[in-house]
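Trainee: Got a structure for you, questions after.
Readers should treat all values here as calculations from the given coordinates under stated rules, not as data from a laboratory. No experiment lies behind these values; they were computed from the predicted model shown. All Cβ positions, even for glycine, are placed from backbone atoms using ideal geometry, and neighbour counts span all protein chains on display.
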Amino acid sequence: MQSNLNTNTQENLDSSFDSQDKILAILGAGRWGSALAGLARYNGHQVRLWSPSLGNSIEDVVADVDLVISAISMPGVSPTANQIKAIGLRENIPIVTATKGLDTETTCTPSQIWSACCSDHPIVVLSGPNLSKEIEQELPAATVVASLDIDAANIVQQVFSSKRFRVYTSSDPVGTELGGTLKNVIAIAAGVCDGLHLGTNAKSGLLTRALTEIIRIGTHLGGQKETFFGLSGLGDMLATCNSNLSRNYRVGYGLAEGKTLEEVIAEIETTAEGVNTTNVLIEIARREQINVPISWKVYQLLNNQITPQQAVEALMERDLKPEFYEGIIQPKSSDTHQP
Ligand SMILES: NC(=O)c1ccc[n+]([C@@H]2O[C@H](COP(=O)([O-])OP(=O)(O)OC[C@H]3O[C@@H](n4cnc5c(N)ncnc54)[C@H](O)[C@@H]3O)[C@@H](O)[C@H]2O)c1
Ligand SMILES: O=P(O)(O)OC[C@H](O)CO
């Protein structure tokens, strides 16, 4: 395994990945776990998939692996991390988390849960504009692997990098994770915007102000500002807010068409994390007094408190202010609380 990627060309990178020297356990065999398995196998690695629906033993799957990757949807993260804690892993092997959500009970991010359960292992966040269907179609994509342990991030970069998947490293796991998580809330808003046919000006205004909102929350929670302008922030927001391959976007679009949340979720079948994330985000915003006007309207919409049209009107009629301001303005109760 090469240790310094910066000196590698793409050709020698590709050839270094021919070796079948890594055994990976991928926890979660849904859309994303399966797509990640495909990327790892493409690089010659052995992959063992686990999920409750496969009915196999998690203990057998993680035995003696070189890397554990979690692509479990949010409700399963805490129970699975606790199972892994009880089983124990080979010393020092990295754990990669690719889940984009927030824990309902604790409001923690997936990497915070994995860190608490497996504190002896380096935790690496993998996040970026990665719609699984496009990756399965072998279309090119880029992502970020972020860790406080940069050696671990380098290992994960090498494991997944190929001519069809370009992997960057980062030392900001919290910012990388929050970009991918918070944009799901905005993808619901973007789906509403397109479902109501509000036009290109409205969508551009929405996404630009949403990025400001993501940065406000994300930096408050410990992420670095520049991370939110990167692949895992702006990059993932662009992918998710502009594609009907995104399930979160489809939630918003369906609501704008007059469907109920239950109907939309039933149509999507797989995970749309943004619904739960919105509820947890509003809990955090209330607790921390963070101004989140767009997320607040998404919350009200998901909780049947307003219609899509009322959400648009309310956002347009808010108090006037400068585009940029320093720090956090004390939120009005109407932006984070039930008016
Ligand atoms: N699909 C994508 O394009 C994509 C891309 C990047 C990140 N993600 C993120 O990856 C995560 C999974 O998404 P997905 O698309 O694979 O969803 P999915 O619904 O297709 O699969 C979810 C997986 O989690 C497992 N799971 C659910 N509850 C569990 C529990 N209580 N215990 C153990 N396992 C449980 C399921 O068995 C399944 O294997 C989400 O957080 C999503 O935001 C998805
Ligand atoms: O289908 P979504 O909305 O969960 O989006 C999937 C990924 O997060 C895109 O990067």
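Trainee: So, in nm, how far is label Phe229 from label Ser53 when the simple model puts each one 7 Å beyond its Cα toward the Cβ?
Mentor: 4.0 nm
Trainee: Beyond a 32 Å Cα-Cα separation, which of these cross-linked pairs lie in this structure: Lys85/Lys259; Lys163/Lys225; Lys203/Lys259; Lys133/Lys225?
Mentor: Among Lys85/Lys259; Lys163/Lys225; Lys203/Lys259; Lys133/Lys225, the Cα-Cα distance tops 32 Å for Lys85/Lys259.
Trainee: Placing unit charges on C-beta atoms (Lys and Arg positive, Asp and Glu negative, everything else neutral), compute the dipole magnitude of the range 176-336 about its Cα centre in debye, rounded to 20.
Mentor: 240 debye
Trainee: For the range 71-115, what size does the Cα cloud have along each of its three principal axes, sorted from largest down, in whole Å?
Mentor: Dimensions of the range 71-115 along the principal axes of its Cα atoms: 29, 18, 15 Å.
Trainee: A further question follows. Please compute the volume of the convex hull spanned by the alpha-carbon atoms of the range 176-336 and report it per residue in Å³.
Mentor: It is 105 Å³ per residue.
Trainee: Continuing with this model, one more query. Taking 22 Å as R0, compute the FRET efficiency from the Cβ-Cβ separation of Gln310 and His220 and round it to 0.05.
Mentor: Once rounded, the FRET efficiency stands at 0.20.
Trainee: Let me ask you something else. Please report, in debye to the nearest 20, how large the charge dipole of the chain is about its Cα centre when each Lys and Arg carries +1 at its beta carbon and each Asp and Glu carries -1 there.
Mentor: Details: 25 positive and 37 negative charges, 108 e Å.
Charge dipole, the chain, about its Cα centre: 520 debye, nearest 20.
Trainee: Out of Cys241, Gln112, Pro308, whose Cα points farthest toward the positive end of the dipole of the chain (charges: +1 Lys, Arg; -1 Asp, Glu; placed on Cβ)?
Mentor: So the residue we want is Pro308.
Trainee: Which GluC sites (Glu not before Pro) in the range 52-105 pass both tests, a DSSP loop state and at most 15 other beta-carbon atoms within 10 Å? Walk me through the numbers on the way to the answer.
Mentor: Details: sites: Glu59, Glu91, Glu105; in loops: Glu91, Glu105.
Taking the range 52-105 and a limit of 15 other Cβ atoms within 10 Å, the loop GluC sites (Glu not before Pro) found are Glu91, Glu105.
Trainee: Still on this structure: Tell me, what does the Kirkwood hydrodynamic radius of the range 54-145 come to in angstroms if you use every pair of distinct C-alpha atoms? Mind showing how you got there, number by number?
Mentor: On the way: mean 1/r = 0.0708 Å⁻¹.
Kirkwood hydrodynamic radius for the range 54-145: 14.1 Å.
Trainee: Moving on. So if I place +1 on the C-beta of Lys and Arg and -1 on the C-beta of Asp and Glu, and nothing else carries charge, what would the dipole magnitude of the range 63-106 be about its Cα centre? I want it in debye, nearest 20. Could you put the intermediate results ahead of the total?
Mentor: On the way: 3 positive and 5 negative charges, 14 e Å.
Roughly 60 debye for the range 63-106.
Trainee: Same structure, new question: Order by neighbour count: Tyr253, Tyr325, fewest other Cβ atoms within 10 Å first, most last.
Mentor: Tyr325, Tyr253
Trainee: Considering only the chain, what is the antiparallel percent among its DSSP beta bridges, to the nearest 5?
Mentor: 15 percent
Trainee: Want the number for Glu91 to Tyr42: 0.36 nm per residue separation, take away the alpha-carbon distance, what's left?
Mentor: Residue separation times 0.36 nm, minus the Cα-Cα distance, leaves 15.0 nm.
Trainee: Kindly write out, for the range 118-127 in residue order, the coupling ³J(HN,Hα) from the Karplus curve 6.51 cos²θ - 1.76 cosθ + 1.60 (θ = phi - 60°), rounded to whole Hz, with x marking Gly and Pro.
Mentor: 10, 5, 7, 10, x, 9, 10, 9, 10, 7
Trainee: Let me ask another. Once you treat every alpha carbon in the chain as an equal point and sum by Debye, what is log10 I(q)/I(0) at q = 0.15 Å⁻¹?
Mentor: -1.23
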